[in-house]
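Coordinate-derived values only; no laboratory data. These numbers come from a predicted model, not from an experiment. Glycine gets a Cβ as well: all are built from the backbone with ideal geometry, and neighbour counts include every protein chain shown.
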Amino acid sequence: MMKQKGWLVTFFVIFYVLKTGLLADLPPPCDSQIYCTGDIIHEVQMQKLFEDDKHFVDMGLRDTPENTINKFKSLYTRNPMRSISRETLIEFVNTSFHEPGTEIQQWDPPDWKESPKFVSNISDSNLQKWAKDLNDLWKFLGRKIKDEVKVEPEKHSQIYVPNPLIVPGGRFREFYYWDSYWVINGLLLSEMRDTARGMIENFLYMVDKYGIIPNGGRVYYLCRSQPPFLTLMMESYMANQNNLTFLRQNIHLLAKEYDFWMNNRSVSVTLNGTDYTLNRYYVPAGGPRPEAYSADYEQAQKLAEEEKTPFYSDIKAAAESGWDFSSRWFYGPRGNLLDTKTNSVVPADLNAILCRVERILANFYTQLDMPQEASRFSAAHTQRIDAVHNVLWDDKLGVWLDYNVELQYRNPNFYPSNLAPLWASCYTNSAVVDKVVSYLEKSGALSYKNGLPTSLNNTGQQWDFPNGWAPLQHMVIEGLEKTQSAKAKEIAFKLAQKWVQVNYDAYKKYNAMYEKYDVEGDGKPGGGGEYEVQLGFGWSNGVIMQLLDLYGTRLTSSAITTSLSFLTVLFPVLITAVGIHFMQCLP
Ligand SMILES: *[C@@H]1O[C@H](CO)[C@@H](O)[C@H](O)[C@H]1NC(C)=O
């Protein structure tokens, strides 16, 4: 048994080393000798000066990077063994850096409205009151980046953007890319159109400046993006505002972001003699993630030297997918983080998102009367539908699956992302709808009290069982709801009711919104992963608002009260029954 496993490990190692040999030398996640690479970050993170590695890389500099680096070097000079004590290091950090959070300030959105219309359309009075609370939360999550970041960017890891924004909350003290899609949808329901538009402008600004929208607003995220929702943000904004002037001014930047994904994140798949072009998450950068430096570094020490760089790259690609981390990316006998092979996967959700992007861009260009560009994107859309069908659709299971290009294998496990092509309407044959509904029913994923689990695999990773995440609930619900199938629509509503219930129950108990929830139990936040569960929380709030808007007349807050009132009926009956029983036993 052991021997067999050893062979298997050797096989996978040799296989991936051969395949990924080209990755041997990769640049660091960013050029900064403070925040991404060099001795300072290595010492501070490996000595674990702070509980969360993100703390250090979020600290602004008191002096220039050059002076700070020289000051650090002088610590070595005084110390021929090149070992720096914890005390010395703490003093160096205290005297050279500011605490995190000093470069961004609380911001009260001036377009905030007390009573947005969607709230008054909610029938259940508890849910209506809660929707008002969620509307209030925008004021706590508003932030503005201080001018000092614009004036001296080299002293900060925070990336400057011109407009104020809504942050997710907790340790996430900057904007995040895909989170912002659900935040913007929520803001539009809250009628905060200027804030929503400002956030979209920030993303456009970054595409213009960097050619990529980073995972979040920090220089250490510049090598990796996140699921590409910018064009969908614009779609939401246009559905609300139909501002053709704004669209015309910026459409070239939407196309530029699309080109980044096609030029830097595409992969070619040959299947049954036909070549298909699809996309993947792929981050050609080496070294540990700066914000989780010690964890990545320690994991890598368990690997052979030539495996380390591919591992660092795959881990960053998993972060780019938004699913950091998950058994979804594990391919190999170890079944843990060390088997993360994101670079080899053609993900169902990424290709569904891009499929939707292509259709939206074709429509946008048509509206702007630019037929040449419109036909470029409709051709890309047609090709995508064909490739998604031929590479990702699994007719036996009746759903789309991730495809591993190295192993030439579709991953048969359940993930909500398998349904993303339904959400994106990335299919031509409507017969898929009934198949997907029946897949969902057979998968077992509908049997959980509080919504769809992220997988059926309990690994302790946060993008796995038993966690449920707002964006995944929303994509599946919206996908089922937009079909013509009554059964699909009914499942969509039931999933929405479950998700609203768990968010509401946890809110009543803890007076907070969380980034993720447990699909089991009686309304509690999720766990697992590399940091404590965070409060706030941008996308959870946005998704609840969207569900309350969509099903406002049907959703109820009362599952708990129903079971309670059931008990109040049952209890006297029981007492009476017991009483009668005892009376009968009396002599
Ligand atoms: C995309 O790839 C090209 C060619 O490899 C590279 O020069 C460019 O920097 C990449 N763009 C981004 C934004 O990473």
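Laid out as a table, the results:
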read-out: Alpha-carbon radius of gyration plus Dmax, which is the widest Cα pair, for region 467-538 in Å; value: 13.3, 41
read-out: Computed [θ] at 222 nm, helices only, for the chain once each DSSP H run of length n ≥ 4 contributes -39500 (n - 2.57); value: -16000 deg cm²/dmol
read-out: Filter on Lys48/Lys524; Lys435/Lys494; Lys54/Lys146 - keep pairs with C-alpha separation over 23 Å; value: Lys48/Lys524
read-out: Whole-angstrom gap from region 466-530 to region 127-175, using each part's C-alpha centre; value: 25
read-out: Contour minus Cα-Cα distance for Arg62 and Asp386 (0.36 nm per residue); value: 111.2 nm
read-out: Cα-based reach from Lys256 at 27 Å (exclusive), listing lysines while leaving out same-chain residues under 8 positions away; value: Lys144, Lys150, Lys209, Lys316
read-out: Computed Rg/Rh of the chain, alpha carbon atoms with Kirkwood Rh; value: 1.00
read-out: Charge context of Trp178, other residues only, Cβ under 11 angstrom, K/R +1, D/E -1; value: -3
read-out: Point-charge dipole on Cβ atoms (K/R +1, D/E -1) for the chain, about Cα centre, debye to 20; value: 880
read-out: R0 of 51 Å, Cβ-Cβ distance Thr95-Lys302: FRET efficiency to nearest 0.05; value: 0.90
read-out: Segment Asp136-Arg82, length gained on full extension (0.36 nm per residue, minus Cα span); value: 14.2 nm
read-out: Using a Förster distance of 25 Å, the FRET efficiency for Ser74-Glu532 (Cβ separation, nearest 0.05); value: 0.10
read-out: Farthest positive-ward along region 31-96 dipole, Cα basis, beta-carbon charges - from Met59, Thr88, Gln45; value: Thr88
read-out: Distance-filtered residues of region 401-425 - backbone nitrogen under 17 Å, label point 7 angstrom along Ser438 Cα→Cβ; value: none
read-out: Reference-scaled alpha-carbon Rg (2.2 N^0.38 Å with N residues) for region 31-96; value: 1.03
read-out: Order by protection proxy (mean Cβ within 10 Å, highest first), peptides 247-260, 481-494, 225-238; value: 225-238, 247-260, 481-494
